[in-house]
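*Asks:* Below is a structure I'd like to ask you about.
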Amino acid sequence: MCEWTSIAEAESGAQAIARCQTRPLGNLGIPIFSADCSAEGSVIELYGPEGTGKSSLALHAIVSTILPQRFHGVDLGGCQSGAVLIDLDYKFQLDRLRQCLQGRIRQAFPPARLSPHVLEAVVNDSLARLLIATVADSRQLVATLYALEAVIASKPHIRLLVLDGISALHWIDSSRTGESRTCATRREVARAVTSLKDTNALLVIATKSAIFHPSSYRQDKRTVSGADRATMHKEFMGQDWTAIVSHRFVLSQGAATEYGSRDHDAQSAGSTSWVMSQQYPSKGLSCRFNVAATGVQFCS
């Protein structure tokens with residue numbers, strides 16, 4: 001279970017007002033994230049099969065959040081805010097995050113002005129705004145979320161919470177507790193997320209793998225197209241989790257492309273693009289992207 005380096009003392013009234021007031025997060029660099037989608041208090045779910053870029057998109061949002069707005073007079077386009085990443089499936093790679101940060105910085109800086117010293121300074125400045133925790137099950141997640149209340153009180157610049165791999169809780173909880181206890185724990189997770197985001201005006205992004213197919217897919221497998229199968233959603237986190245999700249985006253594999261590469265979690269090599277489509281609360285919006293060594297690249 002994660003241990004925070006410090007726990008804040010009781011905050012003043014002025015600090016509480018500053019922490020809770022509405023503060024636009026800024027542009028996360030994901031084309032189909034509308035203003036209401038990325039508003040404080042929203043819970044965005046990135047859903048899809050393994051290896052479709054969910055964690056890479058979440059990492060892209062983190063990089064956009066923690067990058068400074070400007071550095072040495074160069075516009076980096078970051079939000080210069082704090083973020084918390086809770087790794088639930090033990091797949092987070094710090095080297096991958098550094099690569100993505102360095103890629104974004106190199107895109108913004110004129111080559112003549114980007115010395116190794118400046119590059120490292122921007123990376124370190126950005127990473128100072130990120131907290132990372134790893135949890136093993138739902139009970140540890142709930143405890144971590146409640147502990148974050150005190151941490152954020154001392155760090156009011158934190159604006160983004162990422163729950164990466166929340167679907168891992170299904171297998172862990174199911175193997176350790178009975179069905180009734182699992183449902184109660186999931187309910188507590190939803191309550192803790194709701195309390196934290198509402199109290200601290202946070203945007204929440206959660207990645208969830210498609211580990212089950214809807215009953216309609218099993219019954220009509222021969223008549224459902226591949227594209228439709230890829231965007232069918234099956235909830236397994238319980239009604240309490242479903243109730244707090246304000247926006248759901250489904251990710252699926254697109255057509256082959258000459259640019260980019262597969263998600264770093266995918267086993268197969270080769271160039272592939274991924275499609276991100278909004279499923280809830282409305283359908284129709286979609287975009288295509290590739291995952292390269294330096295992060296997500298959106299197709300025009």
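The values are calculated or read from the model by the stated rules, or taken from the named source; none is laboratory data. No experiment lies behind these values; they were computed from the predicted model shown. In this analysis, Cβ positions are derived from the backbone assuming ideal geometry, glycine residues included, and neighbour counts consider all displayed protein chains.
Residue by residue, here is whether (1) on the phi < 0 side of the Ramachandran plot; (2) modelled with pLDDT of 90 or more; (3) in a loop (DSSP other than H, G, I, E, B) holds:
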position: 9; (1), (2), (3): yes, no, yes
position: 52; (1), (2), (3): yes, yes, yes
position: 59; (1), (2), (3): yes, yes, no
position: 63; (1), (2), (3): yes, yes, no
position: 80; (1), (2), (3): no, yes, yes
position: 102; (1), (2), (3): yes, yes, no
position: 105; (1), (2), (3): yes, yes, no
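*Asks:* Right, next: Filter region 126-143 down to the residues that are in contact with an Asp or Glu (Cβ under 8 Å, 6 or more places away or on another chain) and closer than 30 Å to residue 68 by Cα and list them by number.
*Replies:* Residues satisfying the conditions are 132, 133, 134, 135.
*Asks:* Something else: Given the conditions (1) modelled with pLDDT under 95; (2) out of contact with any Leu (no Cβ under 8 Å at 6 or more places or on another chain); (3) not aromatic (Phe, Trp, Tyr), which single one is not true for residue 191?
*Replies:* (1)
*Asks:* Which pairs do you get when a residue that is under 20 Å from residue 284 (Cα atoms), found in region 24-44, comes within reach of a residue that is assigned to a loop (DSSP other than H, G, I, E, B) and at pLDDT 90 or above, reach meaning Cβ atoms under 7 angstrom, with the pair 6+ apart or on two chains?
*Replies:* The qualifying pairs are 38/28; 42/246; 43/245; 43/246.
*Asks:* Another question about this same structure. Can you tell me which residues in region 203-243 are surrounded by 14 or more Cβ atoms within 10 Å (Cβ to Cβ), among the hydrophobic types (A, V, I, L, M, F, W, C) and modelled with pLDDT under 95?
*Replies:* 210, 212, 224, 230, 232, 236, 237, 241 - these are the residues of region 203-243 that are surrounded by 14 or more Cβ atoms within 10 Å (Cβ to Cβ), among the hydrophobic types (A, V, I, L, M, F, W, C) and modelled with pLDDT under 95.
*Asks:* Within region 88-146, work out how many residues are surrounded by fewer than 16 Cβ atoms within 10 Å (Cβ to Cβ), more than 15 Å from residue 163 (Cβ to Cβ), under 21 Å from the mean Cα position of the chain (by Cα) and small (Gly, Ala, Ser).
*Replies:* 1
*Asks:* Within region 64-84, identify whether any single residue is touching a strand residue (DSSP E or B) at 6+ places or on another chain (Cβ under 7 Å) and more than 21 Å from residue 30 (Cβ to Cβ), and answer yes or no.
*Replies:* no
*Asks:* Report, ordered by the first and then the second residue, all pairs with beta carbons closer than 7 Å, sequence separation of six or more or different chains, a first member in region 82-96 that is of a type in the set (Asp, Glu), and a second member that is outside any strand (DSSP E or B).
*Replies:* 87/165; 89/165; 89/168
*Asks:* Could you list, in sequence order, all residues of region 282-294 that are closer than 21 Å to residue 44 by Cβ and modelled with pLDDT under 90? I'd like the intermediate steps shown before the answer.
*Replies:* First, the residues of region 282-294 that are closer than 21 Å to residue 44 by Cβ: 282-291.
Answer for region 282-294, where residues must be closer than 21 Å to residue 44 by Cβ and modelled with pLDDT under 90: 282, 283, 284, 285.
*Asks:* I would also like to ask the following. Return yes or no: is residue 136 within 28 Å of residue 190 (Cβ to Cβ), aliphatic (A, V, I, L, M) and modelled with pLDDT under 95?
*Replies:* Values: within 28 Å of residue 190 (Cβ to Cβ): yes; aliphatic (A, V, I, L, M): yes; modelled with pLDDT under 95: yes.
Yes, satisfied.
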